[in-house]
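Below is one structure, written out as structure tokens; the observations come after it.
The values are calculated or read from the model by the stated rules, or taken from the named source; none is laboratory data. Just so it is clear, the structure is predicted and the values come from calculations on it, not from any experiment. All Cβ positions, glycine included, derive from the backbone under ideal geometry; neighbour counts span all protein chains shown.
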Amino acid sequence: MSARSSMERTGAVEAVANYLDALRVSDPTVRERVTAQVLERVAETNGDATAPLAMRELDRMVNDWFAEVIGEPQPIEDAAQLSARGRLALLLVDLPGRWQSQFLQPGPWPPDFVRAMRESFLHTRPNDHLADMQPEPIDLGPIATLTRLSRLPYYRILLVWLAFALLLVVVFRLTH
């Protein structure tokens, strides 16, 4: 093994470690298992393990695992959405505190884990039923009354302002 390939392998191991840190996977046995799996899969396909190849492979492994746990087919164009929603589901089910041993494990998984992941996984597809939404008028409150004043004849507007001024004068007299 040359010095360059050793440095590339070290970079790949560090990249996988950073990825696992981001997911808050701290169990050393899980980290070692995942790192070994990633490096093995990269070595099978490319020979030398580099950080970008390791990250790409780990991301592919995680997305495949999400699709398997959630039970949803993974369309290629939906990989980014699946990844983001799967990571959110991991945080919502408390992967760091409760389910670290299940991370990237092949099934079968504990039923509680699968149920929690499926319930916390955000589904973005629309429901099968059509919504019947009718627009409602907007209630503007007191502003609506002021807008209706412009429809009154001018002498009524003048009377309203005079009544308001008279009210101010009365309040001033009573307080001074």
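Here are a few things to note about the model shown:
One line per residue, one yes/no per condition, for (1) surrounded by 15 or more Cβ atoms within 10 Å (Cβ to Cβ); (2) aromatic (Phe, Trp, Tyr); (3) touching a residue at least 60 places away in the same chain (Cβ under 8 Å):
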residue: Val16; (1), (2), (3): yes, no, no
residue: Leu20; (1), (2), (3): yes, no, no
residue: Val25; (1), (2), (3): yes, no, yes
residue: Arg31; (1), (2), (3): yes, no, no
residue: Gln37; (1), (2), (3): yes, no, yes
residue: Thr45; (1), (2), (3): no, no, no
residue: Ala49; (1), (2), (3): yes, no, no
residue: Leu53; (1), (2), (3): yes, no, no
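- Residue in the stretch 133-142 that is modelled with pLDDT of 75 or more, surrounded by 10 or more Cβ atoms within 10 Å (Cβ to Cβ) and farther than 30 Å from Arg24 by Cβ present: yes
- Hits in the stretch 145-169 - residues which are at pLDDT below 75 and small (Gly, Ala, Ser): Ser150
- Here Pro110 meets each of (1) at pLDDT 80 or above; (2) not assigned by TED's automatic domain parsing to the domain that holds Leu20 with one exception, condition (2).
- Leu82 meets all of the listed conditions (1) more than 15 Å from the chain's Cα centre (by Cα); (2) surrounded by 12 or more Cβ atoms within 10 Å (Cβ to Cβ); (3) modelled with pLDDT under 80 but one, namely (1).
- Residue list for the stretch 148-162, restricted to those being assigned to a helix (DSSP H, G or I) and exposed (fewer than 10 other Cβ atoms within 10 Å of the Cβ): Arg148, Tyr154, Tyr155
- Apart from one condition, Ser6 fits all of (1) free of Cβ contacts under 8 Å to residues at least 60 places away in the same chain; (2) not in a helix (DSSP H, G or I); the exception is (2).
- The stretch 113-132 - residue that is surrounded by 10 or more Cβ atoms within 10 Å (Cβ to Cβ) and of a type in the set (Gly, Ala, Ser) and, of those, modelled with the highest pLDDT: Ala116
- Screening Arg9, Arg4, Arg41 for residues that are buried (at least 17 other Cβ atoms within 10 Å of the Cβ), more than 27 Å from Phe121 (Cα to Cα) and modelled with pLDDT under 80 leaves exactly one candidate, Arg9.
- For the stretch 85-96, taking the residues that are modelled with pLDDT of 80 or more and exposed (fewer than 14 other Cβ atoms within 10 Å of the Cβ), the one that is nearest to Thr29 (Cα to Cα) is identified as Leu91.
- Taken together, Leu20, Leu58 contain a single residue that is touching a Lys or Arg at 6+ places or on another chain (Cβ under 7 Å) and either assigned to a helix (DSSP H, G or I) or over 22 Å from Arg98 (Cα atoms) (or both), which is Leu20.
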